[in-house]
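The values are calculated or read from the model by the stated rules, or taken from the named source; none is laboratory data. Note that the coordinates shown come from a computational prediction; the quantities given were computed from them, not determined experimentally. Here the Cβ positions follow ideal geometry from the backbone for every residue, glycine too, while neighbour counts run over all protein chains shown. With ligands, DNA and RNA removed, areas are computed over all heavy atoms of the protein, side chains included. Shrake-Rupley method; radii C 1.70, N 1.55, O 1.52, S 1.80 Å.
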Amino acid sequence: QITHTACGGQYASGECKGSDNPWWSVDLGANYNVNKIQIWNRTDCCSERLTNFRIWTKSSTSDWEEFSPGAKTYNSAEQYPLNFTGNKQARYVMIQLTGKGVFLSLAEVKVFGSN
């Protein structure tokens, strides 16, 4: 299954508008020492949508922090999965695009860590 953020309204033509700064998140259920996050982009179409994104983490008691600092952009020459490493205490993981009228589409996300 592929995730896709919702329409942020419609243009006069009836075409779906994207959302502003759309995001996807997961609750891991408890705090873990997260050290790697893997992301698979869509391969059927629309792979260019995964551009200017950031990966955020948050523990049960902290504010959101960037897992791997800096905006990331999908490069068609990259192999899957896209690998990001860091060292954060996290219960929540969020992937967020920066932009207006954009769509976030993901095929798979894996989070690795330990108690």
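Quick notes on this one:
- Entirely in the range 53-115, the strands (runs of 3 or more DSSP E) that have 3 or more residues that are crowded, with 19+ Cβ neighbours inside 10 Å: 53-58, 82-97
- Ser19, sole failed condition from (1) in contact with a Gly (Cβ under 7 Å, 6 or more places away or on another chain); (2) of a type in the set (S, T, N, Q); (3) modelled with pLDDT of 90 or more: (3)
- Meets criteria (in contact with a Gly (Cβ under 6 Å, 6 or more places away or on another chain) and open to solvent by 70 Å² or more (accessible area, probe 1.4 Å)) for Tyr11: no
- Meets criteria (under 17 Å from the mean Cα position of the chain (by Cα), at pLDDT below 90 and aliphatic (A, V, I, L, M)) for Ala6: yes
- Residue match in the range 70-80 (condition: over 21 Å from Arg49 (Cα atoms) and touching a residue at least 40 places away in the same chain (Cβ under 8 Å)): no
- Of all residues in the range 31-45, those satisfying the criterion of being touching a residue at least 12 places away in the same chain (Cβ under 8 Å) and either over 16 Å from the mean Cα position of the chain (by Cα) or open to solvent by 60 Å² or more (accessible area, probe 1.4 Å) (or both) are Asn31, Tyr32, Asn33, Asn35, Lys36, Thr43, Asp44.
- Cβ-Cβ under 9 Å pairs, at least 6 apart or on other chains, the range 1-29 side under 22 Å from Asp44 (Cβ atoms), far side among the charged types (D, E, K, R) and open to solvent by less than 50 Å² (accessible area, probe 1.4 Å): Ile2/Arg42; His4/Arg42
- Filtered by the rule that a residue be in contact with an Asp or Glu (Cβ under 8 Å, 6 or more places away or on another chain) and of a type in the set (A, V, I, L, M, F, W, C), the range 1-38 gives a lone residue, Ile2.
- Residue match in the range 69-85 (condition: modelled with pLDDT under 90 and within 27 Å of Gly9 (Cβ to Cβ)): yes
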